[in-house]
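The block underneath contains the structure these notes are about, expressed in structure tokens.
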Amino acid sequence: KGARQEYDGFGRLAWRKAARGAAEQFFSYNAEHQLSEVRLSGHRTFSRVQYRYDALGRRTHKILHRHDEPDAEIMTFHWQGLQMVGEQSSRSPDHRVQYLYGEG
């Protein structure tokens, strides 16, 4: 069977199951209608993922909760104006990913 999904009264994705045997995903949103949490049922690695935003609506953190680890992994997103310029994981604090944008 194919993917199935349900939407809430605001038209936001509320539930999704990609295919038979795939994990179910339950979506929650904050007062600004931004994705705040995804709870996963039946996923091998993750139990939930949370998202945090700044006052400008930019996603600043993604918090990954794994079944077999007591501490969550925190992904921090770095911004310059409205462009994301990098990200860093609490699992590899000495490693940073940097985004470079060209003209075009």
Considering the dipole of segment 4-98 built from charges on the beta carbon (Lys and Arg +1, Asp and Glu -1) around the Cα centre, which of MET84, LEU13, HIS65 is farthest to its positive end?
-> LEU13
Find the centroid of the Cα atoms in segment 27-46 and in segment 85-104, then give the distance between the two in whole Å.
-> 24
Want the number for ASP94 to ALA19: 0.36 nm per residue separation, take away the alpha-carbon distance, what's left?
-> 23.3 nm
Could you work out the local net charge near PHE77, counting Lys and Arg as +1, Asp and Glu as -1, over the other residues with Cβ closer than 14 Å to its Cβ?
-> +2
With a 10 Å Cβ neighbour count serving as the proxy for reagent exposure, in which order, fewest first, do SER41, SER90 appear?
-> SER41, SER90
GluC sites (Glu not before Pro) restricted to the chain and DSSP loop, no more than 12 other C-beta within 10 Å | GLU32, GLU103
Where does the charge balance sit around GLU87 when Lys and Arg score +1, Asp and Glu -1, over other residues with C-beta under 9 Å from its C-beta?
-> +2
With contacts defined as alpha carbon pairs under 8 Å and 6 or more residues apart, what's the relative contact order of the chain in percent?
-> 12
Grab the Cα-Cα distance for ARG59 and GLN83, subtract it from 0.36 nm times how many residues apart they are, and report the gain in nm with one decimal.
-> 7.5 nm
Sites ALA3 and SER47, calculated FRET efficiency, Cβ-Cβ separation with R0 30 Å, nearest 0.05 | 0.90
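The numbers here are math on the coordinates, done by the rules we state, and not lab data. What you are looking at is a predicted structure, and each value in this text was computed from that prediction instead of being measured. Heads up, the Cβs are rebuilt from the backbone with ideal geometry, glycines too, and the neighbour counts pull from every protein chain shown.
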